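Enquirer: Handing you a structure now.
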Protein chains: 2
Amino acid sequence: MKLFTVGPVACYPEVLEAMGQQMVSHRSEEYKKLHVETVEMLQRFLETENEVFLFSSTGSGFMEASVRNCVNKKMLCCICGSFGKRYAEVATANGKQVETLEVPLGEPILPDLLDQKLSETPDVEAVSITHNETSVGLVNPLEDLAEVVKNHGKLLFVDAVSSMGGTEIKADKWGLDVCFSSSQKCFGVPPGLGMGSVSEEALKKSESAENKGWYFDFKVWKKHQQKKGTPMTSVIPQIAGLNTILKVIESKGGKEWFFELYAERNRSIREGVQKLGLTMFSKSGYESPTVNCVNAPAGIDGLKVYESMRGEGFELAEGYGTVKNVTFRIGNMGYIESADIDSMLEALGKVLVKLGWKR
Amino acid sequence: MKLFTVGPVACYPEVLEAMGQQMVSHRSEEYKKLHVETVEMLQRFLETENEVFLFSSTGSGFMEASVRNCVNKKMLCCICGSFGKRYAEVATANGKQVETLEVPLGEPILPDLLDQKLSETPDVEAVSITHNETSVGLVNPLEDLAEVVKNHGKLLFVDAVSSMGGTEIKADKWGLDVCFSSSQKCFGVPPGLGMGSVSEEALKKSESAENKGWYFDFKVWKKHQQKKGTPMTSVIPQIAGLNTILKVIESKGGKEWFFELYAERNRSIREGVQKLGLTMFSKSGYESPTVNCVNAPAGIDGLKVYESMRGEGFELAEGYGTVKNVTFRIGNMGYIESADIDSMLEALGKVLVKLGWKR
């Protein structure tokens, strides 16, 4: 099965080899070297001097951590799809009051709108932004939004789950307080590892947080980071996988090379899909660089497209949430060869015809 | 390096091969099959009809989950070493009141003592017991302790991190409400997966729990279990690894075969160490079946023994907590061949002499 998923995505052979390596103790010198090296490569990638933690959880664990460590009472969640909603759900489940800024599906969060909302809700302590909303294949203008949040003096949490590694993020320059991702997205490593940067200000806020638990306590993480490790056992295989792909990226010319590779694939897929006569779900100019969310043709169920493509040997991604049946998604992360893009597009054309599509 | 660690432990080649497999989507039919099969094998292994969840975290995540889902105000933590202390620390960090029953290091928690303590603290809602205390190599008499807890009508949380898979646990017969472990211990799978059983009563308690968060919410987990998956992305490689070792165990004659294999290794190591003239830290009759905690000879630092053994190509485990310098530990979990036990013991004898030991 060829994967054009949105995570877990197909992994490079080098990464899979790292995943299958024999274990070492997570308190050994061998692990400490791996840990420090991986953290430092990720800091360079995100252009940050903030702490970078390697969580023994998925990115959603980091989401929970941001809320527990850095919000006493109230936060603002920007919602342009299912994962923005997830943030609000997580905050509520953790006993926080939540203000929301929600836009129609397919539309981005724009700076003016956020500025206005923050003027109306001066009592929120933090703002969450989904950088790339995987559910609808839309990227928000993070740099500009961050500027607004910082002008209002709020902490900024960035769900970069499907953007980190696939498009530029400058954590320090843009003022991101918590910025996290998952291993199984742009870096093309199997799932199980959440990684993210945490600013000094976020760490300071964590000091006075009550009832924040142990597993995701930033202060406990910082203490163990100083000992070159993690509070609980480290997810060694996935960390070795991340280490491997970061080295591959550095050896090929750095992150710009990787971004361009993804952009090229993304373009090929989008243009191919449009050539078939299909349209994108998200507003033009805000299409995600890592996943194309495609409108299913009128009268054809998006889920049927997904299922039929499996029959052709291609695993795309189903539509998500309320647009489950009217869209399907095509990811461009991980290990994808350009010949596979051509054959996937060819199969898609055939499948649509079989499903009764008449252009 | 030959591993006689206490986790991560060395993995069987079959498990490492499963770890290196190409990814599938965690919502695909392929994953659902793997998920259900693994859950069912683990249910059979634990002799339980309770839900068995496959957490995208280590066992410590399950520890946090038990506290957040099933304790409103107060619990009792039984402490006979560092991981019993960890339970109390986690409960406190989650805003719960904690009663403790603590015994001197090297001593087990005994049923009469627990019975007395529970008579004195009738207001606790739950009791935590560390089945096998990894830090001092001691196993508590879980079946008898469980009977006491059930007689008092309390919920029972069992930290079975270094016992599940290595010695018998009958979750339903013994009345265990939450019983969890980590992939990197007895089952010899790399770290990153926490797995455990959750009783109906524990799930019921979770319904009314406040501020329990999202990541570890048992009710959210149950909802996704019914859809043959997990709330966040599943730790697919480790689940595939666990699936593989459980099948190996079933094919070799079931869990009794695996327990006997571990018991045999454990005995060989203990007898070999005693033959060298060393003694065990834990009280006779309560030595752990998965890790031997050895007293360092007078005047020799346990850490030095650990370091010198690394020089000989053997990774043991350092002493832990307050006995860090006066003990060292030898695990017998995971992929260990019997010839390696002989050469490890031989190296240990040499190392002790080099460190100046005179019997």
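Enquirer: Fewest first, what order do B:Thr134, A:Thr92 take by the number of other Cβ atoms within 10 Å?
Expert: A:Thr92, B:Thr134
Enquirer: On to the next question. On C-alpha positions alone, give me the angle between the axis of helix B:338-354 and the longest principal axis of chain B, in degrees, nearest 10.
Expert: Approximately 50 degrees, to the nearest ten.
Enquirer: If the viscosity is 0.890 mPa s and the temperature 25 °C, what Stokes-Einstein diffusion coefficient in µm²/s follows for the stretch B:208-250 when Rh is the Kirkwood radius over Cα pairs?
Expert: 202 µm²/s
Enquirer: Sorted from shortest, what are the nm distances separating the label point of A:Asp115 from equivalent points in the other copies, each placed 7 Å from Cα along Cα to C-beta?
Expert: For A:Asp115, the other copies' label points sit at 7.4 nm, shortest first.
Enquirer: Going by Cα centres, the stretch A:83-98 and the stretch B:1-25 are how many Å apart?
Expert: Answer, in whole Å: 36.
Enquirer: Next question, about the same structure. Go ahead and run the numbers for FRET between A:Glu346 and B:Asp144, Cβ-Cβ distance against an R0 of 60 Å, rounding to 0.05.
Expert: The pair A:Glu346/B:Asp144 has a calculated efficiency of 0.35.
Enquirer: How far, in nm to one decimal, is A:Gly299 from itself in the other copies if the label point is set 7 angstrom along Cα toward Cβ? Shortest first, please.
Expert: 9.3
Enquirer: I want to check the label-to-label distance for B:Lys247 and A:Asn72. Put each point 7 Å from Cα in the C-beta direction and report it in nm to one decimal.
Expert: The two pseudo-label positions are separated by 5.4 nm.
Enquirer: What spacing in nm lies between the two simple spin-label points modelled at A:Ser208 and A:Lys33, each 7 Å away from Cα in the Cβ direction?
Expert: Going by the 7 Å Cα→Cβ label model, 4.4 nm.
Enquirer: Could you tell me what % of all Cα pairs in the stretch A:115-257 have separations over 20 Å?
Expert: 55 percent
Enquirer: Find, to one decimal place in angstroms, the Kirkwood hydrodynamic radius of chain A, where the mean of 1/r is taken over every pair of different Cα atoms and then inverted.
Expert: In chain A this quantity evaluates to 20.8 Å.
Enquirer: May I pose another question? Alpha carbons only, please: Rg and Dmax for the stretch A:96-187, in angstrom.
Expert: Considering the stretch A:96-187 through its Cα atoms, Rg and Dmax are 12.8, 38 Å.
Enquirer: Same structure again: Can you give the convex hull volume per residue for the Cα atoms of the stretch B:300-359, as a whole number of Å³?
Expert: 81 Å³
Enquirer: Tell me, what ³J(HN,Hα) does each residue in the stretch A:294-310 have, in order and in whole Hz, if you take phi through Karplus 6.51 cos²θ - 1.76 cosθ + 1.60 with θ = phi - 60° and put x for Gly and Pro?
Expert: 9, 6, 5, x, 3, x, 10, 6, x, 5, 5, 4, 4, 5, 5, 5, 4
Enquirer: In units of 2.2 N^0.38 Å, what is the alpha-carbon radius of gyration of the stretch A:200-359?
Expert: Rg over 2.2 N^0.38 Å, computed on Cα atoms: 1.40.
Enquirer: For the stretch A:222-296, just list the percent of Cα-Cα distances falling in each 5 Å bin from zero outward, please.
Expert: 3, 13, 15, 14, 11, 11, 13, 10, 6, 4, 1, 0
Enquirer: Counting only Cβ atoms, what residue of chain B lies nearest to the axis that sends chain B onto chain A, and how many whole Å off?
Expert: B:Gly20, 1
Enquirer: Here is a further query. How many times 2.2 N^0.38 Å is the alpha carbon radius of gyration of the protein assembly as shown?
Expert: Its radius of gyration relative to the 2.2 N^0.38 Å reference: 0.97.
Enquirer: Can you sort A:Trp357, A:Trp221 from fewest to most other Cβ atoms within 10 Å of each residue's own Cβ?
Expert: The fewest-first ordering by Cβ neighbours comes to A:Trp357, A:Trp221.
Enquirer: Give the relative contact order (percent, whole number) for chain B; include only Cα pairs under 8 Å separated by 6+ residues.
Expert: Result for chain B is 25 percent.
Enquirer: Each label point is 7 Å from the Cα along the Cα-to-Cβ direction; what then is the distance between the points at A:Lys222 and A:Thr92, in nm?
Expert: In this crude spin-label approximation the distance works out to 3.2 nm.
Enquirer: What would the Debye formula give as log10 I(q)/I(0) at q = 0.21 Å⁻¹ for the alpha-carbon point model of the stretch A:53-156, no solvent?
Expert: So the normalised log intensities work out to -1.13.
Enquirer: Mind sorting A:Asp342, A:Asp301 by how few other Cβ atoms lie within 10 Å of their own Cβ, fewest first?
Expert: With the fewest neighbours first, A:Asp342, A:Asp301 line up as A:Asp342, A:Asp301.
Enquirer: Please report how far the C-alpha centroid of the stretch B:193-270 lies from that of the stretch A:107-161, rounded to the nearest whole angstrom.
Expert: Comparing the Cα centres of the stretch B:193-270 and the stretch A:107-161, I get a distance of 38 Å.
Only the coordinates and a few stated rules stand behind these numbers; no lab work does. None of the values given here were measured: they were computed from a predicted structure. In this analysis, Cβ positions are derived from the backbone assuming ideal geometry, glycine residues included, and neighbour counts consider all displayed protein chains.
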